[in-house]
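A short worksheet on the structure shown next.
The values are calculated or read from the model by the stated rules, or taken from the named source; none is laboratory data. Treat the numbers as computed from the prediction; the structure is a model and nothing was measured. Using ideal geometry, Cβ is built from the backbone for each residue, glycine included, and neighbour counts are taken over all protein chains shown.
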Amino acid sequence: MKIAIFGQAFNAQTQEAFVVIWHYLNNKKDVTVCIISEFNNIIQENKPHNFPDSQVTNTLDSSFNLLISIGGDGTILRAITYVHDKNIPVIGVNTGRLGFLATIQSQAIIPALDAIFANSYKISERHLLTIQTTPQNDAFNTLNFALNEIAISRKNTTSMITVETQLNNEYLTTYWSDGLIISTPTGSTGYSLSCGGPVITPDTNSLIITPIAPHNLSARPLVIKDTTTIQLKVDGREDYFLVSLDSRIATLSNDTIITIKKADFTIKMIELLEESFLDTLRKKLLWGEDKRN
Ligand SMILES: NC(=O)c1ccc[n+]([C@@H]2O[C@H](COP(=O)([O-])OP(=O)(O)OC[C@H]3O[C@@H](n4cnc5c(N)ncnc54)[C@H](O)[C@@H]3O)[C@@H](O)[C@H]2O)c1
Ligand SMILES: Nc1ncnc2c1ncn2[C@@H]1O[C@H](COP(=O)(O)OP(=O)(O)OP(=O)(O)O)[C@@H](O)[C@H]1O
């Protein structure tokens, strides 16, 4: 079994989690552990003396059986840029704040690894979005996918932008707002939620179009089929606007036509048998919490 480990920091919690994982995996027979070099560089800068050196890799290929992300949700979003379309199952150990996607708590690492080695887990398949622009933009040559959302937002101005929106070549509306979020089911509990979007379960074949602070009482989040092709054209006082794919941003000019579609690959998130999305909703977002319950 070949396992990759990724992280973005080597603070006390991450180090503690890393050491537990490292010892566990190194005591297993027939397990090769590789640290993604971006993480290894951070470890090397911060590691205490006598810390073992490890096998390092720049990229992942489909020979890997598992990627362990140590951090929070931001770290998972970065970790999946290494996985791309290679179908490597991903699990997140939460040493960050919320950990909605990174569901394994530090104190539960060993039982979680025991469950994985006993093949006692489910795979939650997550759909992603991809973007195309006319004219083409180099920013999207690589890493052209988002697990949470693709968001359009104003840049260098307090002035609103307009986002003309077509669904499968049919005009929907022109939003007057700070921007527009196209969210996957996974992203429905992220930025879209903060802008009034609904939560949808990860196995739903839908996307959500959520305006960011629309200056209009009739602009509401819209749930559409995930096979829809979405076309956007931005206008505003500035000549440029921002587009984000999860945590990555690029600047585009107003003459750009944006096409957003479901990507043709998925990310496989490992879910332990005693976990579920609904459970995470209650635990992490305090779903429906009411003193009377
Ligand atoms: N106002 C907002 O709510 C807002 C604004 C910008 C970005 N975001 C989210 O942050 C993500 C980027 O993460 P980051 O760590 O680089 O930024 P960050 O450090 O600002 O963290 C954003 C927060 O969103 C949470 N989050 C991320 N994805 C989530 C998901 N699928 N479900 C539930 N919570 C989730 C994270 O746990 C974190 O607490 C974006 O994809 C977007 O969804 C949210
Ligand atoms: N580039 C970075 N440099 C230094 N520390 C970082 C960097 N990115 C993340 N971290 C730290 O790593 C930890 C995990 O970060 P991450 O963004 O994954 O999660 P988070 O935002 O803390 O939690 P969550 O996203 O679950 O709310 C945090 O302690 C964060 O401060």
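Taking the conditions (1) in a helix (DSSP H, G or I); (2) closer than 16 Å to Pro185 by Cβ in turn, Ile224 satisfies each one other than (1).
Scanning region 95-123 for residues that are within 16 Å of ligand 1 (Cβ to nearest atom), surrounded by 15 or more Cβ atoms within 10 Å (Cβ to Cβ) and over 14 Å from the mean Cα position of the chain (by Cα), we see that the one that is nearest to Val20 (Cα to Cα) is Ser106.
Only one of these is within 14 Å of ligand 2 (Cβ to nearest atom), aliphatic (A, V, I, L, M) and in contact (Cβ under 8 Å) with a residue 40 or more places away in the chain: Val83, Val90. Name it.
Unique residue meeting the criteria: Val90.
For region 75-94, give me each residue that is under 11 Å from the mean Cα position of the chain (by Cα), more than 11 Å from ligand 1 (Cβ to nearest atom) and of a type in the set (Ser, Thr, Tyr). Within region 75-94, just Thr81 meets the criteria.
Checking every residue in region 268-283 against the condition of being among the aliphatic types (A, V, I, L, M), surrounded by fewer than 14 Cβ atoms within 10 Å (Cβ to Cβ) and under 18 Å from Ile161 (Cβ atoms) gives zero matches. Taken over region 55-73, the residue count meeting the criterion of being surrounded by 18 or more Cβ atoms within 10 Å (Cβ to Cβ) and among the small types (Gly, Ala, Ser) is 3. Residues in region 17-24 include none that are over 21 Å from Thr186 (Cα atoms), out of contact with any strand residue (DSSP E or B) (no Cβ under 6 Å at 6 or more places or on another chain), within 9 Å of ligand 2 (Cβ to nearest atom) and aliphatic (A, V, I, L, M).
Restrict the check to region 191-199 and report whether at least one residue is within 16 Å of ligand 2 (Cβ to nearest atom) and in a loop (DSSP other than H, G, I, E, B).
Filtering region 191-199 for residues within 16 Å of ligand 2 (Cβ to nearest atom) gives 191-194.
If we keep only those that are in a loop (DSSP other than H, G, I, E, B) too, we end up with none.
No, because not a single residue in region 191-199 is within 16 Å of ligand 2 (Cβ to nearest atom) and in a loop (DSSP other than H, G, I, E, B).
Just one of the listed residues (Asn141, Asn216, Asn119) is without any contact (Cβ under 8 Å) to a residue 60 or more places away in the chain and closer than 25 Å to Leu101 by Cβ, namely Asn119.
Within region 25-52, the set of residues being within 15 Å of ligand 2 (Cβ to nearest atom) and within 16 Å of Asn65 (Cα to Cα) comprises Ile36 only. Contact map, region 95-110: residues that are touching a residue at least 60 places away in the same chain (Cβ under 8 Å) and more than 13 Å from Ile68 (Cα to Cα) paired with residues that are part of a helix (DSSP H, G or I) and within 6 Å of ligand 2 (Cβ to nearest atom), Cβ distance under 9 Å, separation 6+ or inter-chain. Pairs shown: Leu98/Asp73; Gly99/Asp73; Phe100/Asp73.
Here is a yes/no grid of residues against (1) within 21 Å of Ser159 (Cα to Cα); (2) touching a strand residue (DSSP E or B) at 6+ places or on another chain (Cβ under 6 Å):
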{"position": "Pro202", "(1), (2)": "no, yes"}
{"position": "Ser218", "(1), (2)": "yes, no"}
{"position": "Val223", "(1), (2)": "no, yes"}
{"position": "Leu245", "(1), (2)": "no, yes"}
{"position": "Lys268", "(1), (2)": "no, yes"}
{"position": "Glu274", "(1), (2)": "no, no"}
{"position": "Leu281", "(1), (2)": "no, no"}
{"position": "Lys291", "(1), (2)": "no, no"}
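Test Glu238 against the stated conditions and say whether it is at pLDDT 95 or above, surrounded by 14 or more Cβ atoms within 10 Å (Cβ to Cβ), among the acidic types (Asp, Glu) and in a strand (DSSP E or B). Before you say what the answer is, go through the steps one by one.
Details: at pLDDT 95 or above: yes; surrounded by 14 or more Cβ atoms within 10 Å (Cβ to Cβ): yes; among the acidic types (Asp, Glu): yes; in a strand (DSSP E or B): no.
No.
Applying the criterion of being surrounded by fewer than 16 Cβ atoms within 10 Å (Cβ to Cβ) and either under 15 Å from the mean Cα position of the chain (by Cα) or not assigned by TED's automatic domain parsing to the domain that holds Arg248 (or both) to the residues of region 124-143, the residue that is modelled with the lowest pLDDT is Leu143.
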